[in-house]
Amino acid sequence: MDRFEVSRPEVVGSVVDGEVVAINLDTGSYYNISGAGVDVWTAIEPAASAHEVTARLAHRFGLPVDELATAVTSFMEELLAEGLIRPADAGATGAELSADDAPSDGQVAFSPPVLERFTDMEDLLLVDPVHDVTDRGWPHVEAG
Amino acid sequence: MLDSIDQFGASFDAAAAHVGVIERNILLAGYRIRVEFAGPALVPVIQPAFDHLAEHDGGQAADLSVCVWDATSTGVRPLPLPADVLHRGETGPRYHGEDGGIVVHAADATLSVLDARRKTALHYLPDANNALWYQKATPLKDIVHAWTSWHDLQLIHAAAVGNHDGGVLIAGVAGSGKSTTSLACLRGGLAYAGDDYVLVDIERAFVHSLYSSAKLEWDNFDRHPELFLPANSRADPKALAFLARDVRDRMARGFPLRALLLPTITGREETRAIPTTTARALLGLAPSTMLQMPGHNQQSLGAMARLVDGVPAFQLELGTDLSAIPDVVEAVLADVTGR
């Protein structure tokens, strides 16, 4: 079963007030995840397959797996395309259900996962100075 | 790596032996920082932005000594730091921490080293006479940023203004109205703790001023001749400015953080502050802070998440009547402090 994990350390993310803020430090894009996307993100944190994530959401929202499978798979593909998640190592453990995943008895309404992407900071990324550093280190005197 | 840092430090000693040492002391976020210059060339590059934090009693032990030199004026070029020291690092090639040593090789050809063993930092640049305008606006930024990892402090990309009730951070991307807001507040009589970068004590939610400089669009600078003194050439892309004599006493060392403001330019006449969510606050604060400085990680984002979780945030919809902005900011401060 293919599992996925958050692309650390280049991707950092934090859950605040029921939403996720994630930043891709390599690309300069940053993201707001809301709706059931927060549950997807939380499930993937310890590495999880699409099947495991779907089962967790079905349990939480009291909905049939079949109803959620397409939304979860499509959202995970979005996260993958943005580089926010990646295939996990073979040894990664799956996401186990916890007390937080108690069935909602209809109290927690499902809202579709939403990924909002911001690119206005990409120009801020510092020029990579590695190109200035040769095997001789830095600083050095140029020949001639 | 530590051998390389020792060798690098020996280059400063050689430069200092050649041209002498000039000391300046500053009090930053309650910590005593002693800056040791090898010769006078770098004093006008580094000192002006810290003038408001100057301490004239240099007799007390320093919490951190920062040794700075350049090759051109001292005639001492350091032995190179090896490529592997400069290349490695979990979150990027510019940053490396191991055994208490942190090396930052910045894209502007400066090299900064923080050495926990000796509570010492080293800062080298090739030529003091060719220091860039923004290096004078935010001197030693890499060292300050690395040094915050020793303390419960974060270097935050935001402006900060306040009054007797406390202060606000003003955060946002370029063009959002951050400088417009802070300048309007300075003009309106509020205290000013920074235009671009400030230090924030996360757990105490306290803003500490870092630089007295401002980096302004030239048209913004030209609109406020009473507030700022020019400090660079018109050929530079932005104005580097320091507070004019008449408003210099408005420079604050810091204040309790009461609110976070995220300005947006609306084109309407009225300025108003609308409460916004914690997630929007973090989106406004964290990316611009983390993407401009190397070495940030999950821990940095977690610290900023804790900060915004405890501080109310507002979307500041900026109107065309700039003179009304300080009243709205003061109303926010009064509101959140219950006055």
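What follows is calculated from the coordinates using simple rules that are stated; it is not laboratory data. Given the structure is predicted, the values throughout are model-derived calculations rather than measurements. For neighbour counting, all protein chains shown are included, and Cβ atoms are generated from backbone atoms with ideal geometry for every residue, glycine included.
Assuming 1.306 mPa s and 10 °C, estimate D for region B:184-229 with Stokes-Einstein, Rh taken as the Kirkwood radius over Cα pairs, in µm²/s.
It comes out at roughly 132 µm²/s.
Provide, in order from the shortest bin, the percent of all Cα-Cα pairs of region B:222-285 in each 5 Å bin, continuing until the bin that contains the maximum pair distance.
3, 12, 14, 12, 16, 22, 15, 5, 0
Which whole number in µm²/s is D for the protein assembly as shown by Stokes-Einstein, with the Kirkwood Rh taken over Cα pairs at 10 °C and 1.306 mPa s?
In µm²/s, the coefficient rounds to 66.
Where does the charge balance sit around A:Gly13 when Lys and Arg score +1, Asp and Glu -1, over other residues with C-beta under 13 Å from its C-beta?
Residues near A:Gly13 contribute -4 overall.
With springs only between Cα atoms under 10 Å apart, run a GNM on chain B and tell me which of B:Arg253, B:Arg234, B:Arg306 wobbles the most.
Ranking B:Arg253, B:Arg234, B:Arg306 by mean-square fluctuation puts B:Arg234 first.
For region B:253-270, take each phi angle, set θ = phi - 60°, evaluate the Karplus expression 6.51 cos²θ - 1.76 cosθ + 1.60, and give the result in whole Hz per residue in order, putting x for glycine and proline.
6, x, 6, x, 7, 9, 7, 10, 10, 10, x, 9, 8, 9, x, 7, 6, 7
In debye to the nearest 20, how big a dipole does region B:272-339 give about its Cα centre with +1 on each Lys and Arg Cβ and -1 on each Asp and Glu Cβ?
260
Provide the gained length on full extension for the span B:Val21 to B:Asp249, in nm with one decimal, where the gain is 0.36 nm per separating residue minus the Cα-Cα distance.
Using 0.36 nm per residue and subtracting the Cα-Cα distance, I get 79.1 nm.
Determine the shielding of peptide A:8-18 by partner chains: average, over its residues, the number of Cβ atoms on other chains within 10 angstrom of each Cβ.
Across the residues of A:8-18, the mean count of other-chain Cβ atoms within 10 Å is 6.
Quick check: Cα centre of region B:156-232 to Cα centre of region A:20-70, how many Å?
Cα centroid to Cα centroid, the span is 38 Å.
Using a Gaussian network model of chain B whose springs link C-alpha atoms within less than 10 Å, name the residue from B:Ala158, B:Ala41, B:Ala49 with the highest mean-square fluctuation.
Looking only at B:Ala158, B:Ala41, B:Ala49, the largest GNM fluctuation is found for B:Ala41.
In nanometres, what is the gap between the two model label sites at A:Glu77 and B:Glu203, each 7 Å from Cα along Cα-to-Cβ?
Label at A:Glu77, label at B:Glu203, 4.7 nm between them.
Just going by the charge dipole of region B:154-337, with Lys and Arg at +1 and Asp and Glu at -1 on Cβ, which of B:Asn163, B:His208, B:Thr276 is farthest out on the positive end?
Value: B:His208.
Give the average, rounded to an integer, of partner chain Cβ atoms located within 10 angstrom of each Cβ in A:25-34.
Whole-number average of other-chain Cβ neighbours for A:25-34 is 4.
For chain B, which longest stretch is free of loop sites, where a loop site is one of the GluC sites (Glu not before Pro) that DSSP puts outside H, G, I, E and B and that has at most 16 other Cβ atoms within 10 Å?
Within chain B, the longest run free of exposed GluC sites (Glu not before Pro) spans B:91-202.
Net charge near B:Leu333: determine it from the other residues with C-beta under 13 Å of the C-beta of B:Leu333, scoring Lys and Arg +1 and Asp and Glu -1.
Here the charged neighbours net out to -2.
Please give the average number of partner chain Cβ atoms lying within 10 Å of the Cβ of each residue in B:74-81, rounded to a whole number.
3
What is the diffusion coefficient of region B:115-228 in µm²/s, taking the Kirkwood radius over Cα pairs and the Stokes-Einstein relation at 20 °C with a viscosity of 1.002 mPa s?
Approximately 138 µm²/s, per Stokes-Einstein.
Between B:Thr264 and A:Val114, what is the label-point separation in nm under the 7 Å Cα-to-beta-carbon projection?
Each label point lies 7 Å from its Cα, and together they span 1.3 nm.
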